[in-house]
Amino acid sequence: MVESPCVAACRLNTDKVCVGCYRHITEIVDWNKRTNEQNAAILQKVAIRKRDAALHPLPEGETTAITQAEWQAAKQQARTA
């Protein structure tokens, strides 16, 4: 099983990517229901996003907490993808 990169610091940037674990909100929902191959592919994207974030940090205050509505919308999107 591929371990989640969650660090319990959930805040989304304007692209809906968590600045704690660098997963898009649609990659966060249903993590435990995905295959190891799917999660490994997500972790490859995470590594790229993390590197890019280190090179181009966000200005202070440009993140928001995940809302219930965003979570539900992402969950629906992930299940229809």
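Mind checking which aspartates and glutamates have their Cα closer than 16 Å to the Cα of Lys33? Skip sequence neighbours fewer than 8 apart in that chain.
Hits, sequence-local ones excluded: Glu3.
What order do you get for 27-38, 58-69 when each peptide is scored by the mean count of other beta carbon atoms within 10 Å, highest first?
The packing order, highest mean first, is 27-38, 58-69.
Apply the a/c threshold of 1.5 to the C-alpha gyration tensor of the chain and tell me whether it is rounded, prolate or oblate.
Here the chain falls in the oblate category.
Of the peptides 45-57, 5-17, how do they stack up when ordered by the mean number of other Cβ atoms within 10 Å, highest first?
Per-residue Cβ counts within 10 Å, averaged per peptide and sorted highest first, yield 5-17, 45-57.
Read-outs: derived from the displayed coordinates by stated rules, not from any lab. These figures come from a predicted structure and were not determined experimentally. Note: ideal-geometry Cβ built from the backbone for every residue, glycine included; neighbour counts use all protein chains shown.
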